[in-house]
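First up is the structure itself, then whatever we jot down about it.
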Amino acid sequence: MNLLTDNWIPVRFQQVGEARQISLLTLLCGSDQWELSLPRDDMELAALQLLICIVQVLLPPADKTEWAGRIAKPLSAERLEAGCKNFLKWFQLDHTEHPFMQVKGVKAKKVTPMDKLLAGLDTSTNSRFVNEPDLAECICFGCTAIALYNQANNAPSFGGGFKYGIRGSCPASTFAQGHDLRTTIWLNVLSREFLEEYFPDWDQKSEQVPTWVEPIKEKSVIPAQQIGWLRGLLWQPGHIELILSENGGRCSCCGHVADKLFTSFNKAKFNYTIDGLWEHPHSPLGLSIKAGQLQQRYFGFSGSSPAWTQLSRYICKQAVAQNGAGQQGQVPALVIQQIQKYSNGKAGKLELLVGGYRNNQAAILERRHEVLTLNQGWETHANIVHELVKHGLEYKTALRKTLYVCSKGIKKAGRKTKGMGLDLHEIGEVQFYRRSEDLMMRSLASIDFNNTLPTYAELDAQFKTICESIFAELTSPYQHDPELFRTLTIARRSLQKHIREIRRVNQPSEDVA
């Protein structure tokens, strides 16, 4: 099966229709509107990312004009054929010498079942997920290709001794969402013009062969800046070889019938080192200064807070001063930067796809897949989004500080009041996120960036109510305890003081970043 010519992409019509598998030709050159159709959101995001990487490698637009044209109307079959011509041998999943994202002849003491390839399916935290039974019992070519890519680029490693992907362990990925699958892909493909601005020598290294054709050498040290575009986008850090069953049947993941299915694979440990950071176009970067040197890292999901709390990281660029030790900066993913650059202030609303995993080493704790909507004008007012998110988090901090006082008591000037001895601040933070998420999402989707005062007024009123309600609910069982009376009184007054300090009467500054 070849990813460039055969039917493997799991989709359904946007309006109505059963799931089916289509080819790259049908997707990119036809006028039908499709959406991905898989039983797990992380698999759908991985399928989208794989398709974006394939199109980025094969068919990068020349400039802004061609990029906009690709979004506006389907590609010609002749152009697709010309783009695929020199790459066909590298995208065959069952190639006899260089199978897609695999290494031939992997030696393993025992075979590994396919559920290990579907990230998070066999971990001890599996109860957190909603998975159909026997989801990885026997998998078709298309689902296997998606799982291979996802394991190599988005998920943690298989465990000790196995390397993680080129972006590290469990990076966050961000994409702009179009009105269907085809437009979403092109929205997130970088033009040659844009690439040359950021990577003047990218084209010189674009002819590097992928890792499954020229495998990474054992114990090698690889300078990040020497990794080519195709090789980096489709990086495979593991030694994996799929085992194909001669029996056909129904794929346990997508449900399509196939002549042959994969039921297991071989994997083997090997080690290498990447020196430096390879700038991936799909992930935002965090910046900091350490010992006078600029440090860069990919953002991931370190906690359970909703995606809106990190929104400014995804769209707002902030530099770090050379002497700014302790300061934090950020750079949006290149695909988001290109939209900001090319839109000329006319990008319209942005539906931002944010996805990834929260992990503890090799174990996945949580799947994250969210869509954040930003009102038109976002691309030239990213600073206001930054301020809006910061404003919401100030209320969370005020509530958390106040409940911490209730939990631990007060010790001041030699006097100490009793605390409840419970972690109410942790419970209160979770409740705040749960009750405020819809409010923030509606505000971001409807804010008038030229007149933000109405939005701030509504947020202040709603956040005040949320904080007061959570405080009252969590402390009401203790309000008649005479030993806690003083603590609760001080905490209640402290909350009101914090709220008064947070409330805004002016629009945010225009020069945040």
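For Glu483, the accessible area of its heavy atoms, probed at 1.4 Å with every protein chain present, is near 110 square angstrom.
A straight chain from Asp180 to Ser220 at 0.36 nm per residue would run longer than the Cα-Cα distance by 10.2 nm.
Using the Karplus relation 6.51 cos²θ - 1.76 cosθ + 1.60 with θ = phi - 60°, the per-residue 3J(HN,Hα) values for the stretch 143-160 come to 5, 5, 4, 5, 5, 4, 5, 5, 5, 6, 10, 10, 9, x, 6, 5, x, x Hz, with x marking Gly and Pro. Ligands, DNA and RNA are left out, and with a 1.4 angstrom probe the accessible area of the chain is 45 Å² per residue.
The apolar share of the surface of the chain, taken as the fraction of accessible area on carbon and sulfur atoms (1.4 Å probe, ligands and nucleic acids excluded), comes to 47 percent.
In this structure, the amide hydrogen of Tyr272, modeled 1.01 Å from its nitrogen in the peptide plane, lies closer than 5 angstrom to those of Lys219, counting only residues at least 5 positions away or on a different chain. Sorting Arg400, Arg231 by solvent-accessible area of protein heavy atoms yields Arg400, Arg231, largest first, with a 1.4 Å probe. When the stretch 404-477 is described by a simple charge dipole with +1 on each Lys and Arg Cβ and -1 on each Asp and Glu Cβ, the residue from Ile410, Ala461, Asn451 located farthest towards its positive end is Ile410. In this rough spin-label picture, where each label sits 7 Å from Cα along the Cβ direction, the Arg20-Glu468 distance is 5.8 nm. Taking Val385, Val221 and ordering them by how much accessible surface each has at a 1.4 Å probe, largest first, produces Val221, Val385.
What whole number of Å gives the distance from the Cα centroid of the stretch 133-189 to the Cα centroid of the stretch 83-100? One Cα centre to the other: 19 Å. In sequence order, the stretch 313-320 has phi-based couplings of 5, 7, 10, 10, 8, 9, 7, 10 Hz under the Karplus curve 6.51 cos²θ - 1.76 cosθ + 1.60, θ = phi - 60°, and Gly or Pro positions carry x. Under 5 Å between amide hydrogens, built in the peptide plane, is the criterion, and for Gly377 it picks out Ala347, Gly348 among residues at least 5 positions away or on other chains. Computed from the Cβ-Cβ distance with R0 of 45 Å, the FRET efficiency linking His369 to Lys412 stands at 0.50. Specify, per residue and in Å³, the volume enclosed by the convex hull of the alpha carbon atoms belonging to the stretch 149-232. Considering the Cα atoms of the stretch 149-232, their hull volume per residue is 132 Å³. Given a 1.4 Å probe and the protein chains as shown, Lys401 ends up with an accessible area of around 120 Å².
Which entry is the computed Cα extents along the principal axes in Å for this structure: (i) 85, 45, 44; (ii) 121, 64, 43; (iii) 78, 54, 53? It is the one labelled (iii).
Each residue of the stretch 328-337 was assigned a 3J(HN,Hα) from its phi angle through the Karplus expression (A = 6.51, B = -1.76, C = 1.60, θ = phi - 60°), giving 10, x, 7, 9, x, 4, 4, 5, 6, 4 Hz with x at Gly and Pro. Anisotropy class assigned to the stretch 263-410 is rounded, per the alpha carbon gyration tensor with a/c under the 1.5 cut-off.
What FRET efficiency would be calculated for the residue pair Thr112, Phe87, taking the C-beta separation as r and a Förster radius of 35 Å, to the nearest 0.05? Each step should come with its number before you reach the end.
Numbers: r = 29 Å, r/R0 = 0.82.
For Thr112 and Phe87, the calculated efficiency is 0.75.
Near Cys254, the amide H atoms lying under 5 Å from its own belong to Cys140; only residues 5 or more places off or on other chains count, and H is placed 1.01 Å from N. A Förster radius of 60 Å, combined with the Cβ-Cβ distance separating Leu244 from Arg500, puts the computed FRET efficiency at roughly 0.35.
If the limit is 31 Å between Cα atoms, which of Lys64/Lys267; Lys290/Lys346; Lys163/Lys290 go over it? Among Lys64/Lys267; Lys290/Lys346; Lys163/Lys290, the Cα-Cα distance tops 31 Å for Lys64/Lys267; Lys290/Lys346. A 1.4 Å probe over all protein chains sorts Tyr478, Tyr198 by accessible area into Tyr198, Tyr478, starting with the largest. Reported to the nearest whole Å, the Cα centre-to-centre distance from the stretch 340-381 to the stretch 442-489 is 27. For the chain, the Cβ-based charge dipole about the Cα centre amounts to some 2100 debye (Lys, Arg positive; Asp, Glu negative; other atoms uncharged).
The values are calculated or read from the model by the stated rules, or taken from the named source; none is laboratory data. These numbers come from a predicted model, not from an experiment. As a convention, Cβ positions derive from the backbone with ideal geometry for all residues, glycine included, and neighbour counts pool all protein chains shown. For the accessible areas, the whole protein counts, side chains as well, though only heavy atoms, and no ligand, DNA or RNA atoms are used. Shrake-Rupley method; radii C 1.70, N 1.55, O 1.52, S 1.80 Å.
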